[in-house]
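Student: Dropping a structure here in structure tokens format, bear with me for questions.
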Amino acid sequence: MTYIKPKFRHPNLKKNDLGYTIDYYEGSLSTLCAGCGHDSISAAIIQASYEMNIQPHRLAKLSGIGCSSKTPAYFLSNSHGFNSVHGRMPSVATGAALANRDLIYFGVSGDGDSASIGMGQFVHVVRRNLKMVYIVMNNGCYGLTKGQDSATADNGSKSKAGSINPYESIDLAGLALELGATFVAQSFSGDKSQLVPLIKAAMNHPGFAFINVISPCVTFNNNVGSTKSYDYVREHVEATATVDFIPSMKEIKASYDEGSSKQVKMHDGSVIQLQKLANDWDPQDRQSALNAMHHAKQKGEILTGLIYTNPNTKDLHFTLNTVETPLNAISQHKLCPGNKVLQEINAGFR
Ligand SMILES: Cc1ncc(C[n+]2csc(CCOP(=O)(O)OP(=O)(O)O)c2C)c(N)n1
Ligand code: SF4
């Protein structure tokens, strides 16, 4: 098999506002199994970045280890990237973001990467409210190491080898909500029309934006009895709302029934337009979002869509009162102002 992607493209491919066609946002040829949900998520990231007119060099992709963490090689090849150690993506993202707040930080992880070895890092990046998009490609197993149950595998779910998972699962979206995340969404790799606007909204969120995407592993966890298989997820998906992301400056064209429609205005004037399916749920009320998640779990449903957001959040840079200029653009004189200034700072602590 060759990993070189053919360069042939239709000459009439549509260009975005920056003059780029969608292939400019692609990566190298995927080496994942044919049908893997992760490839569909990469396609949604490519689509969202193209439609949002993202300058690829303004974005940094970060990941840990796993089939999911390999995907940054398959999207946005013109962006920055750092494939870190298993479960350690959040600390690399924190360091990079604190050094340069001018980039969009896009983290990709797996359920093994985030809910087992990386759990300690995950919870702290949520509570610190680092401004980044954090996507978990959740297949309920360790795909890369041949399909062992992960901590998000549902209690009672059957593995391909026939064993039943005896443990309670960790609900990463619920956990993020409890820890104070201000953007929590859930989706399915097979629902691009929902996933693309969610990714766009997440990229525009001024704090930590979490998207848990159920992403079936066709090789190790797509069997009858698995609750992360394509068939099971399709039968149990329950959307909170249809989602549409309208960038600032764009006219809102769609009209919705009063009562079921909700607009969430973001800091830059863009709007998340939701056509709600559940009347007792308010995406800007954390308690109602938690209730909606608990109800769905009781009914054995997978709640998808934007579950909660607070667009008026303050991120880690605000909390730490950091400088606005990226560290690599600060002059040597300012970074190291000399002994006299150091003495004054030390005197201030006495
Ligand atoms: C420190 C360390 N421990 C264990 C491993 C072995 N390992 C590699 S990937 C992986 C789990 C991958 O599962 P997940 O994050 O869910 O990603 P998937 O492959 O399912 O997309 C494990 C345990 C490792 N690479 N490094
Ligand atoms: S092993 Fe599973 S998660 Fe890994 S590429 Fe194959 S289908 Fe995807």
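The values are calculated or read from the model by the stated rules, or taken from the named source; none is laboratory data. These numbers were taken from a predicted model, which means no experiment stands behind them. Please note: Cβ atoms are built from the backbone with ideal geometry, for glycine as well, and neighbour counts cover all protein chains shown. Keep in mind that these areas ignore ligands, DNA and RNA; they rest on the heavy atoms of the full protein, side chains included. Shrake-Rupley method; radii C 1.70, N 1.55, O 1.52, S 1.80 Å.
Student: List the residues, sorted by chain then number, that are 5 or more residues from residue 307 or on another chain and whose placed amide H is less than 5 Å from its amide H.
Tutor: Those lying under 5 Å, H to H, from residue 307 are 184, 185, 186.
Student: Accessible area of the chain with a 1.4 Å probe: how many percent of it is carbon plus sulfur?
Tutor: 53
Student: Show me the ranking of peptides 231-244, 122-135 by mean Cβ neighbours inside 10 Å, starting with the highest. Present the calculation step by step, with values, prior to reporting the outcome.
Tutor: Working: 231-244: 18.5, 122-135: 22.4.
The peptides rank, most packed first, as 122-135, 231-244.
Student: In whole Å and largest first, what semi-axes does the C-alpha gyration tensor of region 276-350 yield when each eigenvalue is scaled by 5 and square-rooted?
Tutor: Over the Cα atoms of region 276-350, the semi-axes work out to 50, 14, 10 Å.
Student: So for region 26-168, what percent of the C-alpha to C-alpha distances run longer than 26 Å?
Tutor: 25
Student: Right, another one. With both partners inside the chain, how many of the DSSP beta bridges are antiparallel, as a percent to the nearest 5?
Tutor: Values: 19 of 48 bridges.
Antiparallel bridges: around 40 percent, rounded to the nearest 5.
Student: If you line up the long axis of helix 192-204 against the longest principal axis of the chain, both from Cα atoms, how many degrees apart are they, to the nearest 10?
Tutor: 20
Student: Which order, highest average first, do 146-158, 162-174, 201-213 follow once you tally other Cβ atoms within 10 Å for each residue and take the mean per peptide?
Tutor: Packing order, densest peptide first, comes out as 201-213, 146-158, 162-174.
Student: Now for a separate question. Would you please give the FRET efficiency between residue 100 and residue 282, computed as 1/(1 + (r/R0)^6) with r the Cβ-Cβ distance and R0 = 51 Å, to the nearest 0.05?
Tutor: Working: r = 36 Å, r/R0 = 0.70.
The formula returns an efficiency of 0.90 here.
Student: How big is the antiparallel share of DSSP beta bridges in region 1-121, given as a percent to the nearest 5?
Tutor: Given both bridge residues lie in region 1-121, the antiparallel proportion sits at roughly 10 percent.
Student: Take the alpha carbon atoms of the chain, find their radius of gyration, then divide it by 2.2 N^0.38 Å using N residues; give the quotient. Walk me through the numbers on the way to the answer.
Tutor: Values: Rg = 21.0 Å, N = 350, 2.2 N^0.38 = 20.4 Å.
Normalised by 2.2 N^0.38 Å, the Cα Rg of the chain equals 1.03.
Student: Taking the Cα atoms only, what angle lies between the long axis of helix 37-51 and the longest principal axis of the chain, rounded to 10 degrees?
Tutor: It is inclined by approximately 50 degrees.
Student: Evaluate the Kirkwood expression for the hydrodynamic radius of region 1-58, namely the inverse of the mean inverse distance over all pairs of different C-alpha atoms, and round to one decimal in Å.
Tutor: About 12.7 Å for region 1-58.
Student: So, one more: Beta carbons within 10 angstrom, averaged per residue: use that to sort the peptides 300-310, 62-72, highest first.
Tutor: 62-72, 300-310
Student: If you average the C-alpha positions of region 306-326 and of region 27-77 separately, how far apart do those two centres end up, in angstrom?
Tutor: 25
Student: In whole Hz, with x marking every Gly and Pro, tabulate ³J(HN,Hα) for region 65-73 from phi via Karplus 6.51 cos²θ - 1.76 cosθ + 1.60, θ = phi - 60°.
Tutor: Calculated HN-Hα couplings, in order: 10, x, 4, 4, 6, 7, 4, x, 6 Hz.
Student: If region 137-248 were replaced by its equivalent ellipsoid, with semi-axes equal to the square roots of 5 times the Cα gyration tensor eigenvalues, what would those be, largest first, whole Å?
Tutor: Working: eigenvalues 151, 48, 27 Å².
Gyration-tensor ellipsoid for region 137-248: 27, 15, 12 Å.
Student: Here's something else I'd like to know. If I model a spin label at residue 312 and residue 335 as a point 7 Å from the Cα along the Cα→Cβ vector, what separation in nanometres do I get?
Tutor: Calculated label separation equals 3.9 nm.
Student: In degrees from 0 to 90, rounded to the nearest 10, what is the angle of the helix 286-298 Cα long axis to the longest principal axis of the chain?
Tutor: Once rounded, the angle reads 30 degrees.
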